[in-house]
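Worksheet for the structure shown next.
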Amino acid sequence: MTSATYDFAWRIAIDVVGPLEGHHHEAYAVELGPDSDPVLRAQFPWLKLRVPLAHVVRYDHRCFRSEEELLVDLEGKIQRVPKVVDLGRDADAPANVTFVQFVKGLTLENVTPPHMRVSRRHAAQIIDLFRALASVDPAEIRAERICGNGPSLSGAFPRSGGDAATFLRNLIRHTARVYREKPSDLNSLFSDLRIPDDLLDRLPDELGPMTPRPFALLHGDLHRRNLVVDDAWDLWAIDWELARVGDPLYDLATHLHLMQYPRWQAAHMTWRWVRAMKKCLPDAVHGVSEDLPRYLAFKRIQSAYTDLMRGAAKLATSVAGGTGLLEALDCVVPAVTASLTAARLGEDGTGLGNVGLREVASPEEVRRALTTWYVAHGAARGHSSTGASVQGAVEGAAPEALVGSRGALHPGAAAAVDLEDPMGMAQGRMERTEHSGCVVVHSGHVMPGTN
């Protein structure tokens with residue numbers, strides 16, 4: 001069964017790849033047809049067609065109403081950011097359809113998988129991106145800010161202050177709200193895995209005071225799947241959905257948490273970030289040694305909660321889509337266990353001995369709890385949402401659209417694979433292996449997939 005968006009994509013394109021894996025949109029890569037503007041087709045031979053999804057659980061807080069509005073604002077301010085493309089009105093177009101430049105290349109995760117060092121060239125470009133973000137005057141961003149997720153939180157985020165304590169408290173508050181409003185069928189799963197109800201409520205006091213810092217524009221989700229390596233071996237930053245104005249140290253913490261650098265490179269990137277901020281936003285380095293561990297602790301606890309909710313949803317939809325229960329568990333259990341373990345008290349390497357989960361379930365306990373939950377609730381949930389994976393109703397991991405629903409490579413990807421790394425450091429390229437709905441990265445890291 002196809003969707004109206006998919007049918008529309010084929011009406012305007014000569015080739016369509018997708019649906020693409022993504023967070024909040026049904027999206028396809030489209031190659032423009034001969035009826036399109038030849039100048040536009042020459043400049044943007046491939047575009048990403050996107051339609052927002054309804055009823056998506058937003059595990060992370062949003063600050064800008066429209067990612068496309070923000071991308072327009074960023075033109076000329078930050079290098080290698082996708083452009084928004086106007087194809088004009090089409091009576092048959094789905095509501096709220098947008099077109100964004102599709103970046104030809106490979107995700108950084110395809111080039112250097114998690115736990116592998118990032119090349120000197122790409123590490124330098126990541127620091128350049130942080131420097132460029134800090135150099136943007138937030139007052140020049142015209143994109144509408146909502147900085148809340150519903151009337152109760154509208155305006156809760158500081159717009160121009162430097163109140164890092166309020167900023168972090170509101171991030172925690174959003175995660176706590178997502179947890180409180182989770183489907184009731186997940187209550188038993190959290191209980192079986194001994195995840196306390198009050199951990200997020202206690203967290204602001206346990207993390208302690210924060211140092212004020214000037215606020216800046218943040219990407220908010222800067223990881224290997226949101227960095228695309230083009231044919232010139234340069235990095236493009238994609239997926240600005242979680243961009244915000246806030247504490248720049250939070251952007252660094254989120255980046256370190258998601259990138260899964262080798263420990264020595266994480267320390268080196270922190271040192272380089274501090275050097276860069278001293279030149280462009282000097283007050284941003286105040287309190288780094290005390291507050292970076294606090295942000296990292298929050299990110300690990302946040303991931304423990306959200307990855308369990310995602311994992312349960314993934315288990316239900318995978319089995320409903322035809323994957324065997326045991327195979328689906330093989331995909332979900334390692335990711336959930338890893339997130340819980342990383343949030344264990346004293347295990348996250350931040351030195352905050354009073355923050356984290358007191359008890360962490362073993363892989364066997366995680367498997368048993370998920371199996372019990374699926375038998376009691378997941379089967380009914382999965383059947384009620386059959387087809388949701390095509391519509392993207394369940395938020396998933398979001399690599400850039402190099403691989404379509406049947407593993408088809410994006411045009412130009414093969415050429416990018418053959419490029420020589422100018423620094424000679426892109427070791428051990430990832431092989432994409434379809435296995436029980438998982439993407440298996442051959443460095444030992446396993447993450448959920450949506451194919």
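Bear in mind that the values in this text are calculations on the coordinates, not laboratory data. Keep in mind that this is a model prediction, so the values were computed, not measured. Methodologically, a virtual Cβ is constructed for each residue, glycine included, from the backbone with ideal geometry; neighbour enumeration extends over all protein chains shown.
Peptide packing for 34-41, 163-170, 120-127 was compared via the average number of neighbouring C-beta atoms within 10 Å per residue; ordered from the highest value, the list is 163-170, 120-127, 34-41. Annotation: for a label point projected 7 angstrom from Cα along Cα→Cβ of Q260, residues of the stretch 8-27 with backbone N closer than 19 Å are 21-23. Taking a ≥ b ≥ c as the square roots of the Cα gyration tensor eigenvalues, the stretch 105-244 comes out oblate, since a/c reaches at least 1.5 and a/b does not exceed b/c. Let's see if you can work this out: charge +1 on each Lys and Arg Cβ, -1 on each Asp and Glu Cβ, no other charges. What is the dipole magnitude of the stretch 198-352 about its Cα centre, in debye to the nearest 20? Charge dipole, the stretch 198-352, about its Cα centre: 360 debye, nearest 20.
Amide hydrogen proximity for E26: with H placed 1.01 Å from N in the peptide plane, the residues at 5 or more positions away or on another chain lying under 5 Å are V51, L53.
Consider a paramagnetic label point 7 Å from the Cα of A4 along Cα→Cβ; state which residues of the stretch 42-85 have an amide N under 16 Å from it. Label zone hits: 50-55. Packing, as the average of other Cβ atoms within 10 Å across residues, places the peptides 258-270, 217-229 in the order 217-229, 258-270, highest first.
With R₀ fixed at 51 Å, the C-beta to C-beta distance from A42 to L326 puts the FRET efficiency at about 0.50. Rounded, prolate or oblate: pick one for the stretch 13-79, where a ≥ b ≥ c are the square roots of the eigenvalues of its C-alpha gyration tensor, a/c under 1.5 means rounded, and failing that, prolate if a/b is larger than b/c, else oblate. Oblate, because a/c is 1.5 or more while a/b does not exceed b/c. Calculated FRET efficiency, D35 to E69, Cβ-Cβ distance, R0 = 30 Å: about 0.60 to the nearest 0.05.
With charges only on Cβ, +1 for K and R and -1 for D and E, what is the dipole size of the stretch 81-142 about its Cα centre, in debye, rounded to 20? The calculated dipole for the stretch 81-142 is roughly 380 debye.
Along the axis of the charge dipole computed for the stretch 222-340 (Cβ charges of +1 for Lys and Arg, -1 for Asp and Glu, origin at the Cα centre), the listed residues A335, V285, V228 are led at the positive end by V285.
Peptide packing: for 374-380, 66-72, the average count of neighbouring Cβ atoms within 10 Å per residue gives the ranking 66-72, 374-380, highest mean first.
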